[in-house]
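What follows is one structure encoded as structure tokens, with my remarks underneath.
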Amino acid sequence: MGFSDKVRNLVEKLQQLPEIQKKIIFFTVMTVFVIFMVFFELILTKNNIASINQSLKSLTFPEINIPDFNERNIAGSNMSDLEKVGESLQNINTDNSSVSGGDNQVFQDF
């Protein structure tokens, strides 16, 4: 009696069982299979996390230097820029006042 004959006999015996016993056997086999797969996946996940940990240890990040700012440095370095902006705004205001004063020929036509 070969292996295929043994399998055929097992299948015939399973086919002759009542429906409830077939379901019990099916769910038992599936439960064992799922438990095995979960165990196998946990082992693989543990190994992958360990390899990620090793990869992260070998990374080198560039050093980022952030300058130390305080009020004195900010005010001292930007005061001339702020004064230039203020002068520009004053110039814009004086230019607009001459336009809106009615002295300009272009605006008198409207």
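Worth a mention:
- Single unsatisfied condition, ASN73 versus (1) among the polar types (S, T, N, Q); (2) modelled with pLDDT under 90; (3) surrounded by fewer than 10 Cβ atoms within 10 Å (Cβ to Cβ): (3)
- Test: residue in segment 6-29 that is under 39 Å from the mean Cα position of the chain (by Cα) and assigned to a helix (DSSP H, G or I): no
The values are calculated or read from the model by the stated rules, or taken from the named source; none is laboratory data. As the structure is a prediction and not an experimental result, all values here were calculated from the model. Here Cβ is always computed from backbone atoms with ideal geometry, including for glycine, and neighbour counts include all displayed protein chains.
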